[in-house]
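Reviewing the structure listed below.
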Protein chains: 2
Amino acid sequence: MNFEYQNPTQLLFGAGTLARLGEVAREHGAKAMIVTGGGSVRGNGTFDRAVASLTAAGVSFVECGGVEPNPRLSSVKRGGEIARREKCDVVIALGGGSVMDAAKVMAAAPFYEGDLWEMFAHGQADRRRPERALPVITVPTLAATGSEMNSGAVVTDEATAIKSFVGAPCLYPAVAVVDPELTVSVPKDQTAYGVCDLITHVTEAYFNGVDGTPVQDRFAEGVILTALEYGPKAVANGTDLEARAQVQWASVVALNGWVQAGTLSPYPVHMIEHTLSAQHDITHGAGLAVVNPAWMRFAAKSRPERFAQFAKRIFGIKNDDPMKAATEGIDHFEAFHRSIGCPTRLSEIGIDDTQLDRYADDTLLVAGNAEGQLPGRPAMTKADIVEVLRSAL
Amino acid sequence: MNFEYQNPTQLLFGAGTLARLGEVAREHGAKAMIVTGGGSVRGNGTFDRAVASLTAAGVSFVECGGVEPNPRLSSVKRGGEIARREKCDVVIALGGGSVMDAAKVMAAAPFYEGDLWEMFAHGQADRRRPERALPVITVPTLAATGSEMNSGAVVTDEATAIKSFVGAPCLYPAVAVVDPELTVSVPKDQTAYGVCDLITHVTEAYFNGVDGTPVQDRFAEGVILTALEYGPKAVANGTDLEARAQVQWASVVALNGWVQAGTLSPYPVHMIEHTLSAQHDITHGAGLAVVNPAWMRFAAKSRPERFAQFAKRIFGIKNDDPMKAATEGIDHFEAFHRSIGCPTRLSEIGIDDTQLDRYADDTLLVAGNAEGQLPGRPAMTKADIVEVLRSAL
């Protein structure tokens, strides 16, 4: 249990905190670039409220709109150019995980020599992490990725359909303004995908982390139990602000490092899903809802006791046979996904068996181990990845 | 659920990390002041290893030794003078909670105009929080207070026997070097008191925080369950490095804000105990071992369901009568304290009924509410505080 941890992001959490955006932005500069996605923040008034807060605080802005779900390298480069050309002091991400991830890389662009794609992790021997970035203020409008309070970003190079990851200390947002009121208009399906996404962030650490992390086990279980209790309420009634707040808080702590500290965990389920969403442009959380239970059935075979612990502590399942307990727990987990309207088969998200080899190859390529194995417990060969995907068809 | 959170401390955790002290200190300056306590770090070699690491990194140092348990204002002022006079760049706290708390205030001293006591919270209308401090590196040699990764400090003015608190963003340590190997020589009694201390940090938030914090409830329970599992092992066998590491990690997260975030909790048990240790110079954790269960029996009367939840989730107690469940849980909790050799009665720590009024008056005075109530759930009158203490005689 040897590890390092530091997360300097200032968090403002609570209903109504969007009104403080101008005040906190002003502490970081006088000119902002606001990054947005497909336009929902304009439709529901969030953009106007953000602008009003900035204007009242004397912060001017330029805009970089149109960031796609599964944000594309070209969009990130476009935003980086705007930030550089317009000499912005601060980057404000107003949107979901895609917008926040894109904004982080845009903020690093003005200080990054050469092609932005060189900072990403897909097995590049000459990878160069960013070392400096403009301050970023994240204002999540969706409870899902946890990007608002961590130093990671995932971007897809649309030319090659490779979805890759960058993480660096300079990418921690300066401030996260987390206002659950902004999520009340999120549709049922996206709400549910977000719940699956946040749960997967902690199951990765729970099942793939090192042994001997009892505090982190309990923290992960706490996030999952909270998501299981409040996720369905948020899906059933989007205006249930209490449920929205609990789900959003769970999504923040699911990937701000508090649960992962010391687990030294790889993210095999994410790695596999990224390949699917890179090829098919599906919502990340929907892909995870399918891949995570399928992966769990595979991984439980080599470590049933761990999955039996999950079954017991999350679903109260008691069975002296660890493998039976594990299977029962995963059944419950998959049933939860279905109960909130998430897909649990690849066929439901338009993926068939014609490219399973390609997904597995890409996963290993992005993991930087094209000829080898995907890190995790257990480490996975290409054949293992294909098997997991085939089991989820 | 509206709150702010930011903790910028860089954490290095794990056996052997003391060897990195010089490297991290050098990032913050070339001259350090090392703060120590009663001399155990000299006896067990920790001091020499720290110095060797600093010297190898080219960091020179002066020393400020002799900080007492329940650190005194005069010692803090003495250290502040040394830091100022010697133009130190960085302050290194090598010891337990007292040393770390004292070091934080010493680090603020060179920038603080006027009497250091004016930054403390004991109901001072003209309180002035510190706004700047030298970087502090904490190297805890005891798992207890959580001071290594938070922005608080508790100091006693020996002239008045008032023990008071200061908290300010500038007091967050720059780095916490947390090496469980440094705790293997801690005696059984101090190990046990540390376990009680860390548990009390999370029970305060659990029982006194606002409603509707399910993630934080689970986090608190995770810390408690880990302490209950590994605390007795660390007490029984001090060289059990696994147990030492789990207890120390639990003590870090018990008060670095991860458990408390959003609970907005006051600390009534700490406030009462501080008055006892200010008067009697007992170990804080030993005082908490007595006061916490006594306070729980008092508080459970007004909110039995909350204490029944504690009983169920921590000890597996099921009883349809919440008050009976609550009482049974507190009985178990008190029995745990006894099982690791902690006192559970005031008489065991040399305190009788002759000054109960004084303790209650001082508690309210330090809380800044001399004529009123002590914040908590429920808020406590002077008579309530006396009643709790009397029940623990």
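The values are calculated or read from the model by the stated rules, or taken from the named source; none is laboratory data. Please read these numbers as outputs of a predicted model, since none were measured by experiment. Every residue, glycine among them, receives a Cβ derived from its backbone with ideal geometry; neighbour counts consider all protein chains shown.
Checking A:Phe47 against (1) of a type outside the set (Asp, Glu); (2) in a helix (DSSP H, G or I); (3) within 14 Å of chain B (Cβ to nearest Cβ), which test does it fail?
(3)
Is it fair to say B:Ala367 is in contact with a His (Cβ under 9 Å, 6 or more places away or on another chain) and among the aliphatic types (A, V, I, L, M)? Explain how you work it out, then say what you get.
Numbers: in contact with a His (Cβ under 9 Å, 6 or more places away or on another chain): yes; among the aliphatic types (A, V, I, L, M): yes.
Here the answer is yes, as B:Ala367 does meet what is asked.
Per-residue answers, yes or no, for (1) closer than 27 Å to A:Thr363 by Cβ; (2) of a type in the set (Asp, Glu); (3) surrounded by fewer than 24 Cβ atoms within 10 Å (Cβ to Cβ); (4) not assigned by TED's automatic domain parsing to the domain that holds A:Ala370:
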| residue | (1), (2), (3), (4) |
| --- | --- |
| A:Ser74 | yes, no, yes, yes |
| A:Lys87 | no, no, yes, yes |
| A:Met119 | yes, no, no, yes |
| A:Arg127 | yes, no, yes, yes |
| A:Ala161 | yes, no, yes, yes |
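Please give the number of the condition B:Glu4 fails out of (1) in a strand (DSSP E or B); (2) away from chain A (no Cβ under 12 Å); (3) surrounded by fewer than 19 Cβ atoms within 10 Å (Cβ to Cβ).
(2)
Take the conditions surrounded by 24 or more Cβ atoms within 10 Å (Cβ to Cβ), of a type outside the set (Asp, Glu) and farther than 30 Å from B:Thr363 by Cα and apply them to B:Leu142. Does it pass? Even if it seems obvious, please write down each step before you answer.
Numbers: surrounded by 24 or more Cβ atoms within 10 Å (Cβ to Cβ): yes; of a type outside the set (Asp, Glu): yes; farther than 30 Å from B:Thr363 by Cα: no.
No, not satisfied.
From the list B:Gly97, B:Gly22, B:Gly37, which one is out of contact with any strand residue (DSSP E or B) (no Cβ under 9 Å at 6 or more places or on another chain) and either modelled with pLDDT of 95 or more or within 14 Å of chain A (Cβ to nearest Cβ) (or both)? So that I can check it myself, show each step before the final result.
Working: B:Gly97 fails: out of contact with any strand residue (DSSP E or B) (no Cβ under 9 Å at 6 or more places or on another chain); B:Gly37 fails: out of contact with any strand residue (DSSP E or B) (no Cβ under 9 Å at 6 or more places or on another chain).
Step by step, each of B:Gly97, B:Gly22, B:Gly37 is checked, and only B:Gly22 is out of contact with any strand residue (DSSP E or B) (no Cβ under 9 Å at 6 or more places or on another chain) and either modelled with pLDDT of 95 or more or within 14 Å of chain A (Cβ to nearest Cβ) (or both).
Would you confirm, using the coordinates I've provided, whether A:Gly29 is surrounded by fewer than 22 Cβ atoms within 10 Å (Cβ to Cβ) and either in a helix (DSSP H, G or I) or free of Cβ contacts under 8 Å to residues at least 60 places away in the same chain (or both)? Outline the logic, then answer.
On the way: surrounded by fewer than 22 Cβ atoms within 10 Å (Cβ to Cβ): yes; either in a helix (DSSP H, G or I) or free of Cβ contacts under 8 Å to residues at least 60 places away in the same chain (or both): no.
Here the answer is no, as A:Gly29 does not meet what is asked.
Any residue at all in region A:301-320 that is closer than 30 Å to B:Arg313 by Cβ, β-branched (Val, Ile, Thr) and at pLDDT 95 or above?
yes
Hey, any hits in region B:241-259 for a residue that's within 17 Å of A:Gly262 (Cα to Cα), of a type in the set (Gly, Ala, Ser) and more than 18 Å from the chain's Cα centre (by Cα)?
yes
Go through region B:212-233 and report how many residues are over 14 Å from A:Trp258 (Cα atoms), without any contact (Cβ under 8 Å) to a residue 60 or more places away in the chain and either under 20 Å from the mean Cα position of the chain (by Cα) or within 10 Å of another protein chain (Cβ to nearest Cβ) (or both).
Quick first cut of region B:212-233, residues over 14 Å from A:Trp258 (Cα atoms) only: B:212-214, B:217, B:221, B:224-233.
So of that shortlist, the ones also without any contact (Cβ under 8 Å) to a residue 60 or more places away in the chain come out as B:214, B:226-227, B:229-230, B:233.
This time we only want the ones that are either under 20 Å from the mean Cα position of the chain (by Cα) or within 10 Å of another protein chain (Cβ to nearest Cβ) (or both), so: B:214, B:226-227, B:229-230.
Of the residues in that region, 5 qualify.
Being β-branched (Val, Ile, Thr) and either without any contact (Cβ under 8 Å) to a residue 12 or more places away in the chain or over 30 Å from A:Gly45 (Cβ atoms) (or both) is the requirement here; does A:Thr160 meet it?
yes
Is there a residue in region B:259-268 that is more than 10 Å from chain A (Cβ to nearest Cβ), on the phi > 0 side of the Ramachandran plot and either of a type outside the set (Val, Ile, Thr) or touching a strand residue (DSSP E or B) at 6+ places or on another chain (Cβ under 6 Å) (or both)? Please lay out each step first, then the result.
Taking region B:259-268 and keeping what is more than 10 Å from chain A (Cβ to nearest Cβ), we get B:260, B:263-268.
Narrowing the set further to residues that are on the phi > 0 side of the Ramachandran plot leaves B:264.
From the residues that got through so far, the ones that are either of a type outside the set (Val, Ile, Thr) or touching a strand residue (DSSP E or B) at 6+ places or on another chain (Cβ under 6 Å) (or both) too are B:264.
Taking every residue of region B:259-268 in turn, at least one turns out to be more than 10 Å from chain A (Cβ to nearest Cβ), on the phi > 0 side of the Ramachandran plot and either of a type outside the set (Val, Ile, Thr) or touching a strand residue (DSSP E or B) at 6+ places or on another chain (Cβ under 6 Å) (or both).
So that you can scan it fast, the table gives a plain yes or no per residue for (1) outside the structural domain of B:Pro173 (by TED's automatic domain parsing); (2) touching a residue at least 40 places away in the same chain (Cβ under 8 Å); (3) touching a Leu at 6+ places or on another chain (Cβ under 7 Å):
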| position | (1), (2), (3) |
| --- | --- |
| B:Thr239 | yes, yes, no |
| B:Val269 | yes, yes, yes |
| B:Thr275 | yes, yes, no |
| B:Asn292 | yes, yes, no |
| B:Met296 | yes, yes, no |
| B:Pro304 | yes, no, no |
| B:Ala335 | yes, no, no |
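Please identify the pairs in which a residue from region B:119-139 that is of a type in the set (Asp, Glu) has its Cβ atom under 9 Å from the Cβ atom of a residue that is in a loop (DSSP other than H, G, I, E, B) and surrounded by fewer than 22 Cβ atoms within 10 Å (Cβ to Cβ), counting only partners at least 6 apart or on another chain.
B:Glu131/B:Tyr112; B:Glu131/B:Ala168
Is it the case that some residue within region A:297-312 is within 14 Å of chain B (Cβ to nearest Cβ) and of a type outside the set (Gly, Ala, Ser)?
Of region A:297-312, the ones within 14 Å of chain B (Cβ to nearest Cβ) are A:309, A:312.
Subsequent filtering for residues that are of a type outside the set (Gly, Ala, Ser) retains A:309, A:312.
Among the residues of region A:297-312, at least one is within 14 Å of chain B (Cβ to nearest Cβ) and of a type outside the set (Gly, Ala, Ser), which makes the answer yes.
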